[in-house]
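The values are calculated or read from the model by the stated rules, or taken from the named source; none is laboratory data. As the structure is a computational prediction, the values presented were derived from the model and not from experiment. Note: ideal-geometry Cβ built from the backbone for every residue, glycine included; neighbour counts use all protein chains shown.
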Amino acid sequence: MQTILVTGGCGFIGSNFIRWELETYPDLSIINVDKLTYAGNLENLADLTGNPRYTFAKGDICDRPFIDGLLASRQVDAIVNFAAESHVDRSILDSGPFIQTNIIGTQTLLDAARQAKLGRYLQVSTDEVYGSLGPTGLFTEETPIAPNSPYSASKASADLLVRAYCHTFGFPGIITRCSNNYGPYQFPEKLIPLFISNALADQALPVYGTGENIRDWIHVLDHCRGIDAALSHGQPGEVYNFGGHSELKNIDLTQKLLVALGKSPTLIRYVADRAGHDFRYAIDTSKATKELGWAPRVNFETGLKQTIEWYLGHRDWIDRIKSGAYRDYYQQQYGHRVTESK
Ligand code: NAD
Ligand code: DAU
């Protein structure tokens, strides 16, 4: 039986990945290491309670003795590192936790994996390390790294560490870089779940700047399949980009959400732009298709409809999150720039 140590598995993508892997591979075991920050939610994997192939270990990826202890206690075949501070706006408010978890945490995992002589390490990274595109063009794996936010700079730093460990030590590291994910269990600070939950509560939807910025949306399960393909068939030292081929202006996405929810466009509020806001992300996925046999499968319209239905069916999940510490963050991020509609 193979065992993967997944970090950050109580977050959005990690929880989808763990569930998908355990369903897809009956012989696989997963250890999930998560610090349970504001973004980590045990409820996201509550359905796995009692599953003998799933183990949860609460802890910090920066804690080397803790990681060493886990690697010594079980035969682990690979690490997949999702654990991160993941929200750009929070990195603008305070970059400290981003440097700590995203850079020091990655270095800690790399050293622990090297010492334990692990056969595989996959770093889950982001297209934001490439910076911003103008109206045309696509990011390829050869696009120079040019991060623009403290978040993306911390992710780029981690990628460079993985690259350096591969080059210097022959470390079996692989990096994947994906565009904007959407789907179930996404924390309601990111555009799609934030706007769905605000619209359901008849609260304003804060669109940054002109709303013309463009993101390339990919369903989270397409991303999970990509990570799985890179883990199984990727070459050590290589980078693989994933994207959804679904570019959309933020304002067009906002209008789609309002139509789907039967809410009025008067909920839209144009607010002060995000500092250093990247204009456009879009991905050339030809390397992943050619070398991993991967392509996105979920049609955006269908995926978005299913995602909206999921949030409609999980209002209690949103409510429980929004009643906690998230309220303080919301006030700090939006308090001075949004006038609520009620
Ligand atoms: P998320 O914020 O939903 O989840 C992050 C998880 O990491 C949480 O469960 C949190 O508790 C855990 N964590 C944070 N610090 C930790 C630490 N020091 N030790 C252990 N656990 C810790 O994030 P997400 O959106 O699921 O993103 C997961 C990964 O994918 C991140 O590395 C992110 O950079 C990358 N990524 C995200 C997207 C996206 O669109 N969301 C796209 C591309 C890449
Ligand atoms: O591209 C991959 C990245 O996608 C990941 O690496 C990040 O972890 C993930 O958070 C996401 O980053 P973005 O900054 O693109 O996602 P976010 O949902 O925060 O914003 C999407 C777009 O919507 C962006 O142009 C900013 C805009 N926006 C966002 C929020 C939260 C608004 O207009 N209003 C908002 O309130």
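Looking at the structure I just gave you, is E291 among the acidic types (D, E), in contact (Cβ under 8 Å) with a residue 24 or more places away in the chain, under 28 Å from T136 (Cβ atoms) and in a helix (DSSP H, G or I)? Yes, satisfied.
Please work out which residue is surrounded by the fewest Cβ atoms within 10 Å (Cβ to Cβ), limiting yourself to the range 302-342 and to residues that are at pLDDT below 80 and among the basic types (K, R). Looking at residues that are at pLDDT below 80 and among the basic types (K, R), I get K342. For the range 59-98, which residues satisfy the criterion of being assigned to a loop (DSSP other than H, G, I, E, B), without any contact (Cβ under 8 Å) to a residue 12 or more places away in the chain and more than 22 Å from the chain's Cα centre (by Cα)? Residues satisfying the conditions do not exist here. Would you check which residues across the range 74-125 are over 22 Å from K58 (Cβ atoms), away from ligand 2 (no atom under 16 Å from the Cβ) and hydrophobic (A, V, I, L, M, F, W, C) and list them? None; the set is empty. Of all residues in the range 304-323, those that are without any contact (Cβ under 8 Å) to a residue 40 or more places away in the chain have Cβ atoms under 9 Å from Cβ atoms of residues that are assigned to a helix (DSSP H, G or I) and not acidic (D, E), 6 or more apart or on another chain, in D319/S197.
Checking each residue in the range 99-126 for being of a type in the set (S, T, Y) and part of a helix (DSSP H, G or I) picks out T101, T106, T108. When the range 6-33 is filtered for residues that are in a strand (DSSP E or B), under 23 Å from D222 (Cβ atoms) and within 15 Å of ligand 1 (Cβ to nearest atom), the ones remaining, listed by number, are V6, T7, I30, N32. Each residue in the range 42-58 was checked for being touching a residue at least 24 places away in the same chain (Cβ under 8 Å) and in a helix (DSSP H, G or I), and 6 of them qualify. In the set (1) under 29 Å from S286 (Cα atoms); (2) within 15 Å of ligand 1 (Cβ to nearest atom); (3) without any contact (Cβ under 8 Å) to a residue 60 or more places away in the chain, the condition left unmet by K249 is number (2).
Does N198 satisfy the condition of being within 11 Å of ligand 1 (Cβ to nearest atom) and touching a residue at least 60 places away in the same chain (Cβ under 8 Å)? The answer is no for N198. Any idea which residue in the range 111-145 is nearest to I174 (Cα to Cα), counting only those that are within 14 Å of ligand 1 (Cβ to nearest atom), in contact (Cβ under 8 Å) with a residue 60 or more places away in the chain and aliphatic (A, V, I, L, M)? Out of the qualifying residues, it is L122.
R53 - would you say it is surrounded by fewer than 20 Cβ atoms within 10 Å (Cβ to Cβ) and closer than 16 Å to T7 by Cβ? In short, no. Applying the criterion of being closer than 21 Å to W310 by Cβ and surrounded by fewer than 22 Cβ atoms within 10 Å (Cβ to Cβ) to the residues of the range 225-249, the residue that is nearest to ligand 2 (Cβ to nearest atom) is L248.
Considering only residues that are touching a Lys or Arg at 6+ places or on another chain (Cβ under 6 Å) and outside any loop (DSSP other than H, G, I, E, B), look in the range 127-156 and name the one that is nearest to S95 (Cα to Cα). My answer is V129.
Just give me the residues in the range 34-60 being away from ligand 1 (no atom under 14 Å from the Cβ) and aromatic (F, W, Y), in sequence order. Scanning the range 34-60 gives a single hit, Y54.
Residue count for the range 182-203, restricted to those that are more than 25 Å from G40 (Cβ to Cβ) and within 10 Å of ligand 2 (Cβ to nearest atom): 0.
Checked against (1) among the β-branched types (V, I, T); (2) closer than 30 Å to Y165 by Cβ; (3) within 16 Å of ligand 2 (Cβ to nearest atom), T289 passes all but a single condition, namely (3). On the stretch given as the range 139-157, residues that are over 17 Å from the mean Cα position of the chain (by Cα) and either modelled with pLDDT under 95 or crowded, with 20+ Cβ neighbours inside 10 Å (or both) total 1.
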